[in-house]
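Values in this text are rule-based calculations from the coordinates and carry no lab data. Bear in mind the structure is a predicted one, so any value in this text is a computation, not a measurement. FYI the Cβ positions are ideal-geometry reconstructions off the backbone, even for glycines, and counts take in every protein chain you see.
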C-alpha cells in the first residue's frame, strides 16, 4: 500500500473531518433504514406503545450488548446498532482532531480536545465505571 | 393505529419538522419534541431520546459540507465544546431528576426564546481590531472566504462566550435539542465572531454536544429504536431539503410564518405542562 505523506494543514484536517462526518451519517442511516424495513415487516401490525414510559430493556441500553446483538438479525437490535454508530460519529470526529492536533504539535489543543473526548467517553461508556 | 401507520406518520411529521427546523434556523429538535408529545402522545423522555439522535444526524450531515467550505472555525468549535459537552452531561442528569411536566414547561419557554432570537434582525457588527489576549493565546482568530479574498476576524469576550456555551449545553442535554440559537448568540453577540462563521461553527458543535448527553439517555433506556428510526430518517431528509430551499428562496416571510407555528407549539407545551398532561 502506498502511503502519501500529508502536510497536516487546516485545509487537510477540514477535508478529513468533512468526510468522516458524512461517512458516519450515511453508513448509520443505511443501517437504521435496513433495520427499519425489517422492523416494519415484523411489527407493522402491532400496536405502538409510547404513551407510558417503561424504558428500554437492557439489551438496547448497553453499548456492549448493542454491539453483540447486531448479529442476532433482530430488527430492533439492528436499528439500535445504526443509532449507536451515529452517536459515535461525533466522538470519532473529536478523536481524529486529537490526532491531528498532535500531528500539528499544537499542545494547547491536544489538551482541549482530550478534555472533550473524555467527557464524551464518560457519557457513552461511563456507566460501566460506576455500576 | 398500528405500528406501520404510526411509523409512517411519524416519518412524515419528522420530515416537516426537519424542514421547518432548517428554514427557521432553529434545528429539527425544537419541532420534533412538541410534535411527538403533543400530536402523537409520546412520553417526553422517549421524544427527547429520539430527538437527540436526529440532532446528531442533521448536525453531522450539514457540518460535513460547511467544514469543507472553510467557514467553520474548528479551534473555536472544539474549545467551546468543552463547555457544551460538560453542560450537556449536566443537563442529562438534571432531566432524569425532573418531573416531565416541568420539562415541558421549560421546553416551551426555551422554544419561545429561541424563536425570538432567530427573528431578531441581524446586524453585522463592525469588526473589532483590538487583539483579545485570551483569544490570541487560544488561537481563536481566523479568516473566512469573502468574495475574492479572505476576511480576517478577531474573537473577544471568551469567558462570557464560554459561560453561555455551558448553558447551551445544559439546555441541549435537558431538552434534547441542538440549542443552536444560544450557541449562535454566544459567538455572534458576545464573542463578535462573524455571523457566517458563528452559524456554521454552531452547527459543527451541535453534534458533539448532543453526543455528550445521548449516551446517558441511551443507558437509561430513553432511546427507542422503533421511534428513533422514523424520527432520525425523517428529520435528516427534511433538514437537507430545507437547507437547499434556504439557499434558493427569500425566507423572510417563511421565517415569520414558521416562527408563529413554533410560538403556538411553545404555548401548547407550557399549557400541557401546567395542566399535567405531559
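Order the peptides B:13-21, B:60-68, B:90-98 from the highest to the lowest mean number of other Cβ atoms within 10 Å of their residues.
Values: B:13-21: 25.4, B:60-68: 22.9, B:90-98: 17.1.
Ranked from most to least packed, the peptides come out as B:13-21, B:60-68, B:90-98.
For helix B:225-248, report the angle its Cα long axis makes with the longest principal axis of the Cα atoms of chain B; keep it between 0 and 90° and round to the nearest 10°.
So the helix axis and the longest Cα principal axis differ by about 40 degrees.
222 nm [θ] for the protein assembly as shown, helices only, -39500 (n - 2.57) per DSSP H run of 4+, per residue, to 500? Please report the intermediate quantities before stating the final value.
Numbers: 16 runs with 291 residues, N = 409.
The helix contribution divided over the protein assembly as shown gives -24000 deg cm²/dmol.
Compute the distance in nm between two label points, each set 7 Å from the Cα along the Cα-to-Cβ direction, one at residue A:58 and one at residue A:12.
Output for this residue pair reads 4.8 nm.
Diagonalise the Cα gyration tensor of the stretch B:129-278 and give the resulting equivalent ellipsoid semi-axes, square root of 5 times each eigenvalue, largest first, whole Å. Write down the numbers at each step before the final one.
Working: eigenvalues 199, 89, 56 Å².
Output for the stretch B:129-278: semi-axes of 32, 21, 17 Å.
Taking beta carbons within 10 Å but only from partner chains, what does the mean come to for residues A:52-58? Please report the intermediate quantities before stating the final value.
Numbers: counts 1, 9, 4, 7, 10, 1, 2.
The mean count of partner-chain Cβ atoms within 10 Å per residue comes to 5.
In percent, how large is the relative contact order of chain B, given Cα pairs closer than 8 Å and 6 or more residues apart?
40 percent
What translational diffusion coefficient, to the nearest whole µm²/s, does the protein assembly as shown have by Stokes-Einstein, given a Kirkwood radius computed over alpha-carbon pairs, a temperature of 10 °C and 1.306 mPa s viscosity? If you can, show how the numbers build up before the last one.
Details: Rh = 21.2 Å.
The Stokes-Einstein estimate is 75 µm²/s.
Most fluctuating residue of B:76, B:245, B:262 in a GNM of chain B with Cα springs under 10 Å: which is it?
Between B:76, B:245, B:262, it is B:245 that shows the largest mean-square fluctuation.
Sort the stretch B:1-43 into rounded, prolate or oblate with this rule: let a ≥ b ≥ c be the square roots of the eigenvalues of the Cα gyration tensor; rounded if a/c is under 1.5, and if a/c is not under 1.5, prolate when a/b is larger than b/c, oblate otherwise. Let's see the in-between values first.
Values: a/c = 3.90, a/b = 1.79, b/c = 2.18.
It is oblate, given that a/c is not under 1.5 and a/b is not larger than b/c.
Would you mind ranking B:46, A:50 by Cβ crowding within 10 Å, fewest neighbours first?
On the way: B:46 27, A:50 21.
By the 10 Å Cβ count, ascending: A:50, B:46.
Could you tell me the distance between the Cα centroids of the stretch B:140-192 and the stretch A:21-72, to the nearest Å?
34 Å
Please build a GNM for chain B, connecting alpha carbons under 10 Å apart, and tell me which residue among B:29, B:149, B:108 fluctuates the most.
It is B:149.
Please list the radius of gyration and Dmax for the stretch B:1-120, considering alpha-carbon atoms only, with Å as the unit.
In order Rg, Dmax, the Cα atoms of the stretch B:1-120 give 15.8, 49 Å.
Pick from B:171, B:193, B:131: which residue has the top mean-square fluctuation in a GNM of chain B where Cα pairs under 10 Å get a spring?
With Cα springs under 10 Å in chain B, the top fluctuation among B:171, B:193, B:131 is at B:131.
Binned at 5 Å from 0, what are the whole-percent values of the Cα-Cα distance distribution for the stretch B:3-274, short to long?
Histogram of Cα-Cα distances, whole percents per bin: 1, 6, 14, 18, 20, 17, 11, 7, 4, 2, 0, 0.
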